[in-house]
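Some notes on the structure that comes next.
Every read-out reported here was derived from the displayed coordinates using simple, explicitly stated rules and does not represent laboratory data. All values reported here derive from a predicted model rather than from experimental measurement. Note that each Cβ is placed from the backbone with ideal geometry, even for glycine, and that neighbours are counted across all protein chains shown.
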Amino acid sequence: MRRFLLLYATQKGQAKAIAEEICEKAFAHGFSADLHCISESDKYDLKTETAPLVVVVSTTGTGDPPDTARKFVKAIQDKALPGDFFAHLHYGLLGLGDSEYTYFCNGGKIIDKRLQELGAQHFYDTGHADDCVGLELVVEPWIDGLWAALTKHFMASRGKEERNGALKMASNASQRMDPVKPELLHIESQVELLRLDDPGRKDSEVREQSTVNRNQSSAPPAESESSLTHSIPPLSQASLNIPALPPEYLQVHLQEALGQEESQASVTSVDPTFQVPISKAVQLTTDDAVRTTLLVELDISKTDFSYQPGDAFNVICPNSDSEVQNLLQRLQLTDRREHCVLLKIKADTQKKGAALPQHIPEGCSLQFILTWCLEIRAVPKKALLRALADYTSDGPEKRRLQELCSRQGAADYNRFVRDARASLSDLLLAFPSCQPPLRLLLEHLPKLQPRPYSCASSNLTHPGKLHFIFNIVEFLSNTTMEVLRKGVCTGWLATVVASILHPDPRVSHAEGGKAPAPEISISPRTTNFFHLPSDPSAPIIMVGPGTGIAPFIGFLQHREKLQEQHPDGHFGAMWLFFGCRHKDRDYLFREELRHFHQRGILTHLKVSFSRDAPVGEEEAPVKYVQDNIWLHSKQVAKLLLHEHGCIYVCGDAKNMAKDVNDTLVEIISKEAGIEKLEAMKTLATLKEEKRYLQDIWS
Ligand code: 2AM
């Protein structure tokens, strides 16, 4: 079988999912793909690789390759590499990005450019998929065209081999092949959708609701108390190479559960997870604030968990109990929720590699799997819609599902499914005659991901404790007729800490004066980089509106302790640009910031209020953090260009970080008297030198 190497560089799993799709389809086209995460450098060797290479690369931040590609990018950017280092390599690259960001698809572009510089050749034109309009518009035709390009490549290589009488497949740079063009796509659709539309929805609401992120996670409604008492087992690590479920060969069987203990024992963990008590929870915003921000303190004193200010960590969260029950009911599986899921492969068609996806532990109860293992709120991909259509008995409903996953239906899919953030449950509600089997869900629903949060404390100030903050995300679903939804993780956390925020005096009394502390499971993140400079005399600028303030509270606490320990030490200036809506409602850590400012730890505190009318001298007539940064252009430029300072940006990537980046370009251009392009290069250099750091999310 014709083999190719398939690498993916993923941040949130999209590039990985696409690479897995390619891997799955390869077989049917007569190819076999060696699939690896780009970070697994011990599993492949590009220097000696003779097979064609296919790379899927996503983009993170405002234009960086994903964290998993850092080592790879660093390695190929080694200036000592000769220009023909990869002359033997033929590759096709698919970049993923979002055109709403300044540097569209830049992760892929960086790798593509460098591979070219090192002599590698395209056997297939690079694809740039745009999440803003729908990745699939480019991804699908790019994958469709890949097979012809690979075939052409293999044929050319064979011809050459035969000509040379050699078995080597490596070709030299002068024998370039014409890259194959991906098929162009035509979209035309104005078809009405069953029940999924809500013409009253405003764009601004959509944007706000679509912000699924670090401190403001996405989705479901408040759960019943049962989720509080649910013990939280460690979850299995998703495999990098999940074998596809071949539907025709597999049968999923529900059997009587073997008992909870046994079920959970089979869920093994690769990342260390720590079950920790919540020692404190505080509401940071007033009741009339638009969004509620909570601070949670975890007691990590009895664990090996450690962190530095600026680090992030994962919270392992379950799906909402009520949503799980609703889904079970809709699938007519309520009476079998305690049954466990086993995989049976038909004896006559034993297929190598057939298995449940690795994030589904075999032998666990169905309820457990839907609660802890599957992202039931994930926006259904077109492949799922296609599969659902097969189990839809009503003719018009079936046709509508088929339309939505067709190329012609791309705009409708984007509007009614992707942008509306519809979930599987929403679709099952909108298509009542659809009755999919359980196997379909297990095959299509992605792994429930833990949610990352920034540490908002210093271990010097709070030994044995870890603070984090988040907004409770709430929104009205526009697909399920005005159902109030909360973020999967933030909604769950809000219920977990409810007993601390609003203690029930009767419960406390009954427990002998003290209610037991609720516990959650956390795990460390491996790619932490957002740290204070190693030289404490370096001046720093911190930009963090809203919950983006979190890491900076850790920085300030840490600096305060260091200054106490070294009263004669030389400590650089600390600037903070913070922004919120109203001075009296969501000015997070107002007292702490005032304290740091008064003590001279925080040398410059600049706060903007986006929805307050400017009053008096104190508040400059500025709306957003970048307006304040602009007001202090001279100092900002001096600090960055002449004093070897660092700038840290934390918070929303799509709007804030992009606008701050644009403002910095303007400032450098103005203050250094250089062209914008040069200013951009200066910023890029600052990034390379780790003096411009972003911890941003969308
Ligand atoms: P707004 O919601 O009033 O527009 C924290 O969320 C703060 O960030 C809020 O004051 C919010 O203002 C503000 N914000 C919204 N968009 C922004 C942008 N593009 N740049 C900077 N701040 C922004």
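Here is how the numbers come out for the structure above:
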| item | result |
| --- | --- |
| Förster radius 22 Å - calculated FRET efficiency between HIS566 and HIS595, Cβ distance, rounded to 0.05 | 0.65 |
| Difference of contour (0.36 nm per residue) and Cα-Cα distance, LYS634 to GLN332 | 102.2 nm |
| Diffusion constant of segment 2-158 at 10 °C, which comes from Stokes-Einstein with the Kirkwood Cα-pair radius and 1.306 mPa s, µm²/s | 103 µm²/s |
| Low-density loop positions, GluC sites (Glu not before Pro), segment 622-698 - DSSP coil, at most 12 other Cβ in 10 Å | GLU675, GLU689 |
| Spacing of the two label points (7 Å from each Cα toward its C-beta) at LEU476 and LYS71, in nm | 4.9 nm |
| Percent of beta bridges antiparallel (DSSP, segment 2-158, rounded to nearest 5) | 5 percent |
| Cα gyration tensor shape for segment 86-125, rounded if a/c is under 1.5, else prolate or oblate | prolate |
| Proximal lysine pairs, segment 2-158, alpha carbons under 21 Å, eight or more residues apart or interchain | 23 |
| Residues LYS583 and THR461, FRET efficiency given R0 of 30 Å [Cβ-Cβ distance, rounded to 0.05] | 0.70 |
| Extreme residue, positive dipole direction of segment 2-158, given options GLY83, TRP142, PHE123 (C-beta unit charges) | GLY83 |
| Net length gained if the chain between ASP34 and HIS644 were fully extended (0.36 nm per residue, minus Cα distance) | 215.1 nm |
| Computed over segment 396-480, the ratio Rg/Rh where both radii use C-alpha atoms and Rh is Kirkwood | 1.19 |
| Pair SER99, MET1: separation of 7 Å Cα→Cβ label points (nm) | 3.7 nm |
| Contour minus Cα-Cα distance for ASP144 and ASP125 (0.36 nm per residue) | 5.6 nm |
| Stokes-Einstein D (µm²/s) once Rh is taken as the Kirkwood radius of segment 540-696 over alpha-carbon pairs, at 4 °C in 1.567 mPa s | 81 µm²/s |
| Modelled FRET efficiency - R0 56 Å, LYS113 with LEU501, Cβ distances, 0.05 increments | 0.65 |
